[in-house]
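Peer 1: After the structure tokens below, expect a handful of questions from me.
Nothing in this text is a laboratory measurement; each read-out follows from the coordinates by a stated rule. The structure displayed is predicted, hence computed values, not measured ones. Positions of Cβ are backbone-derived with ideal geometry, glycine not excepted, and every protein chain shown enters the neighbour counts.
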Amino acid sequence: MHRIVNVHTNTIHRASENPVAQRTTCGALRHVPSHHVERLGEDGPPADASRCGRCFDDAGGY
Ligand SMILES: [Zn+2]
């Protein structure tokens, strides 16, 4: 599973399995410019980033 982050809003999303159709599972970044979107590497997400509740079912659990 790949994660991508909207660096503009500092929100992490789950990368879509069909990136041609949409970048994220929830489709939230469809209209976000590509320079606002980065794929997360092994370093993990920024400490202050929040997770998209539609991409991560457990986002509200902590
Ligand atoms: Zn999302």
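Peer 1: Quick one: P(r) of the chain from all Cα-Cα pairs, 5 Å bins, percents rounded to integers, in order of increasing distance.
Peer 2: Histogramming the chain at 5 Å steps yields 4, 19, 33, 27, 13, 3, 0 percent.
Peer 1: Would you pull out the residues with amide H under 5 Å of Arg3's amide H, same chain only if 5 or more places away, H placed 1.01 Å from N?
Peer 2: Under 5 Å from the amide H of Arg3: Ala15, Leu40.
Peer 1: Taking the Cα centre of the chain as origin, sum charge times position over the Cβ atoms of Lys and Arg (+1) and Asp and Glu (-1), and report the length of that vector in debye to the nearest 20.
Peer 2: 260 debye
Peer 1: Tell me which cysteines of the chain come out unpaired when the rule is another cysteine's Cβ under 4.7 Å.
Peer 2: Cys26 - these cysteines have no disulfide-compatible partner (Cβ-Cβ under 4.7 Å) in the chain.
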